[in-house]
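This report concerns only the one structure given below.
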């Protein structure tokens, strides 16, 4: 089990340098953590499978330290005879990694919404509005969940159950490494 002081250390680094929506995924217990032997203030979360150390998103550090920090992580991987890979990196890190000899594969894009301008109006969200209205007519309440304002553990359990049901129906696994679950 991970030491409590390590969790505090990682959380503090996230508060200081985290900027990417995937950054929070370095917190689950399935990750190992690399810290700079030269004293760079930061952390790289990773898992090792099939002799590949897969880092979760960008290194959490000052942007000016990314190149040196990645160099140290590559050396750490080499000493353990692991290949090194970064998944779900941002533009901030992509060019540096490519310049360092990493191959780049675009898997998808993360949808970014300006919530101040976001609206469910228009034809694009017609079916979603229809589903919401049908749910309301059937007596259901449709409400936005804001866990940072007020946690609802029962809602979270229900969402986990619904997600598991959907995953079984879908027939293929979830992207567990990206969402913080077990990596297989």
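Values quoted throughout were computed directly from the atomic coordinates according to the rules given, and no laboratory measurement underlies them. What you see is a predicted model; the values in this text were computed from it and never measured. We place every Cβ from the backbone using ideal geometry, glycine too, and count neighbours over all the protein chains shown.
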Where is the GNM fluctuation largest for the chain (alpha-carbon springs, 10 angstrom cutoff): 125, 76, 34?
125
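Let's test the formula: R0 of 35 Å, r as the Cβ-Cβ distance of residue 30 and residue 131. What FRET efficiency results, to the nearest 0.05? If you can, show how the numbers build up before the last one.
Details: r = 34 Å, r/R0 = 0.97.
In this case the efficiency is close to 0.55.
Using a ≥ b ≥ c from the Cα gyration tensor of the stretch 123-173 (square roots of the eigenvalues), is it rounded, prolate or oblate, where a/c under 1.5 gives rounded and otherwise the larger of a/b and b/c decides, a/b for prolate?
Working: a/c = 1.88, a/b = 1.12, b/c = 1.68.
Oblate, since a/c reaches 1.5 and b/c is not below a/b.
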Return 91, 156 ranked ascending by Cβ neighbour count within 10 Å, so the fewest neighbours appear first.
91, 156
Computed over the chain: longest principal axis from alpha-carbon atoms vs helix 153-170 long axis, angle to nearest 10 degrees, is 80
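Classify the stretch 1-59: rounded, prolate or oblate, from the alpha-carbon gyration tensor (a ≥ b ≥ c, eigenvalue square roots; a/c under 1.5 rounded; otherwise prolate if a/b is larger than b/c)?
Values: a/c = 1.32, a/b = 1.28, b/c = 1.03.
It is rounded, given that a/c, with a ≥ b ≥ c, falls under 1.5.
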Residue 124 versus residue 109, label points 7 Å from Cα toward the beta carbon: distance in nm?
1.1
Nearest 10 degrees, 0 to 90: what angle lies between the long axis of helix 4-17 and the longest principal axis of the chain (Cα atoms)?
80
How long is the stretch 4-99 along each principal axis, judged by its Cα atoms, biggest number first, in Å?
30, 28, 25
Write down the radius of gyration of the chain and its Dmax, each obtained from C-alpha positions, in Å.
19.7, 62
Once R0 is set to 25 Å, what does the formula 1/(1 + (r/R0)^6) return for the Cβ-Cβ distance between residue 156 and residue 6, expressed as a FRET efficiency to the nearest 0.05?
0.55
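So what is the relative contact order for the chain, in percent, with contacts set as C-alpha pairs under 8 Å and at least six apart?
Details: 164 pairs, mean separation 34.2, N = 184.
Value for the chain: 19 percent.
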Distance between Cα centroids, the stretch 73-140 to the stretch 1-63: provide it in whole Å.
18
To the nearest 10 degrees, how steeply does helix 66-79 sit against the main Cα axis of the chain, on a 0 to 90 scale?
70
Find how much the distance from residue 81 to residue 167 grows on full extension, using 0.36 nm per residue of separation minus their present alpha carbon separation; answer in nm with one decimal.
27.5 nm
